[in-house]
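One structure is given below, encoded as structure tokens.
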Amino acid sequence: MEITIKSICCIGAGYVGGPTMTMMASKCPNLIFNVVDINEKRIASWNNEDLSKLPVFEPGLQDLIAKTRNKNLFFSTNVKEAIGLADIIFISVNTPTKTKGLGAGKSSDLKWVEASAREVAKYSRGYTIVVEKSTLPVRTAEVIENILSSAETNSKREEISFDVLSNPEFLAEGTAIKDLENPDRVLIGGNNKNAMIALSNLYKAWVPEEKILFTNIWSSELAKLTSNAFLAQRISSINSISAICEVTGADVREVSRAIGKDSRIGSQFLDSGPGFGGSCFKKDILNLVYLAEYFGLKEVANFWENVVEINNWHQKRISKIVIKKLFGTISQKKIIILGFAFKANTNDTRESAAISICKDLIDEGAHLLIYDPKVNPKQIESDLKLKQKNIIDNKNSLNDQLGGWEFCQNLEIFENVHAALILTEWEEFKNINWEKVSKKMAQPAWIIDSRSIVNPKEIKEAGLNLWLIGDGSQNDKVNFY
Ligand code: NAD
Ligand code: UGA
């Protein structure tokens, strides 16, 4: 039996719900898309006339919003109405790691998913396909089905019924529009073939059929966690190798290039950096760890937990290097932080390596001047759990023994600075005129590049000292044997 789809609802207007529905709306102009959220401020930003004020920064997103918003794409807080109208409902809410109770620190907090399922049970009409878009622990579909089937049995309304499908999202922030436009695959897990076909028909508007995979629902849920775990594992692997490069005289860029040529390994995701961030890698691996522990698979749990532990260790390693290079003390020294987002081309700072590294440096008494082209100071304040203080104009604060931070609007900030620490690979950092900057810095000054974006020759010619991640050239005379 063919299922007809006219109206789509997405619960959750975040980094996934917003861009995903915008792409679908642009590709399926005859269907109506209602994106709803309980966060009024977020919805107001999605509806802002000024497209530079959208809550999510993604290259290409503004153009798509301009084409679709208030035509067949609507952002609102009216959850009840959007659910009532919908033939398909995507649940795209946040699933962070639990902070207390059973499984705290590892398992996902499903309270937002559960609340969404309850809303669907309350307001839906007729037959509805409910789609897990959020990343969820394996067998969450069962929880959603239980809530929905008790609504089916108790409903005093017209007859209601549901099918639950898993359709995880694989977009990466910063390239969301590109990833959505041309996905490697679209994964649909479920039991009812007709419902799976109905969902796949939405994607077929622009995704070639051979890229749409059907699996059972648990494989789909597990494939999403596994995909993120494998990607994160590659970064922990190459970051651990960067530390070996630094002490042996090898160069991590050369090692990456050499291993990446092996088609079984592949060349992507081999850039050593300050440690992976983002809202998902850590949480999804910990989710896998929790699952393995729950089923008594201790060795499996330990294996994956180590990927997160190496990442924590690696971030600490970067803070220690800064301190070491500045003669073992950074108290009252000015250090520029170039980039606070967890990667370039996003305003997202969730789990950014910059958070823990900046905290460490502030604890050591440093005065940080933080610059990021897309992150606002309020976000940094909330991440560091510390208000900014005026470092440049207020002489008293320089006498202050405690460390602190100040937000900078542009890159005119190098006066009397002891070091610049590059944490995000923003394009504009590649164009800094180091020769000009060097004249302003407190000598001997250091450039600490955790993203390998500077040209070492330029730095040297500018009379600056350089520490480059995974660069062992300083240690090429090491005597091992
Ligand atoms: P987010 O925090 O940016 O957005 C989630 C939104 O859901 C919030 O705006 C919140 O207010 C809203 N919400 C929560 N409960 C609600 C309810 N009951 N009714 C209506 N709205 C509600 O999160 P995100 O980054 O978009 O991630 C969402 C999910 O997608 C997570 O499971 C995440 O793991 C997964 N995911 C994220 C990415 C990414 O790049 N961010 C990529 C793939 C998958
Ligand atoms: C990641 C995955 O790439 C997406 O497929 C997935 O959908 C998403 O998580 C999710 O489930 O949330 P995202 O976290 O947005 O996407 O960004 P990535 O490009 O994966 O980068 C994650 C972190 O790894 C960043 O801090 C980045 O700087 C770092 N990274 C990435 C490296 O240090 N080196 C690399 O070679 C690649």
Practice prompt. Take the residues in segment 202-245 that are open to solvent by 60 Å² or more (accessible area, probe 1.4 Å) and within 16 Å of ligand 1 (Cβ to nearest atom), then tell me which one is nearest to Thr22 (Cα to Cα).
Written response: Leu222
Fill in: Residues satisfying the stated conditions in segment 420-441, i.e. open to solvent by 70 Å² or more (accessible area, probe 1.4 Å), more than 29 Å from Glu173 (Cα to Cα) and touching a residue at least 24 places away in the same chain (Cβ under 8 Å)
Glu435
Response to the item:
Flagged in segment 165-178 as open to solvent by less than 40 Å² (accessible area, probe 1.4 Å) and not small (Gly, Ala, Ser), in numbering order, are Leu165, Asn167, Pro168, Glu169, Leu171, Glu173, Ile177
Discussion item. Taking the condition of being among the charged types (D, E, K, R), without any contact (Cβ under 8 Å) to a residue 12 or more places away in the chain, assigned to a helix (DSSP H, G or I) and out of contact with any helix residue (DSSP H, G or I) (no Cβ under 9 Å at 6 or more places or on another chain), how many residues in segment 194-235 meet it?
Written reply: 1
Discussion item. Going residue by residue through segment 52-63, is there one that turns out to be within 20 Å of the chain's Cα centre (by Cα), open to solvent by 20 Å² or more (accessible area, probe 1.4 Å) and at positive phi?
Written reply: yes
Worksheet item: So which residues in segment 110-154 are away from ligand 2 (no atom under 16 Å from the Cβ), surrounded by fewer than 24 Cβ atoms within 10 Å (Cβ to Cβ) and in a loop (DSSP other than H, G, I, E, B)?
Response: Leu110, Arg125, Gly126, Arg139
Discussion item. Just checking, does segment 181-193 include any residue being open to solvent by 50 Å² or more (accessible area, probe 1.4 Å) and either in contact with a Pro (Cβ under 9 Å, 6 or more places away or on another chain) or assigned to a helix (DSSP H, G or I) (or both)?
Written reply: yes
Item to complete: Any chance you could count how many residues in segment 266-319 are open to solvent by 20 Å² or more (accessible area, probe 1.4 Å), farther than 28 Å from Leu102 by Cβ, in contact (Cβ under 8 Å) with a residue 24 or more places away in the chain and near ligand 2 (Cβ under 10 Å from one of its atoms)?
Response: 2
Worksheet item: Inside segment 332-374, can you point out the residues that are in a strand (DSSP E or B), of a type outside the set (Ser, Thr, Tyr) and touching a residue at least 40 places away in the same chain (Cβ under 8 Å)?
Response: Lys334, Ile335, Ile336, Ile337, Leu338, Leu369
Response to the item:
Taking segment 367-381 and keeping residues open to solvent by 10 Å² or more (accessible area, probe 1.4 Å) and not basic (Lys, Arg) leaves Tyr371, Pro373, Asn376, Pro377, Gln379, Glu381
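The values are calculated or read from the model by the stated rules, or taken from the named source; none is laboratory data. Quick caveat, the model's predicted, so the values are computed rather than measured. Cβ: placed from backbone, ideal geometry, glycine included. Neighbour counts: every protein chain shown. Note: accessible area is taken over every heavy atom of the protein model, side chains too, but ligands, DNA and RNA are not part of it. Shrake-Rupley method; radii C 1.70, N 1.55, O 1.52, S 1.80 Å.
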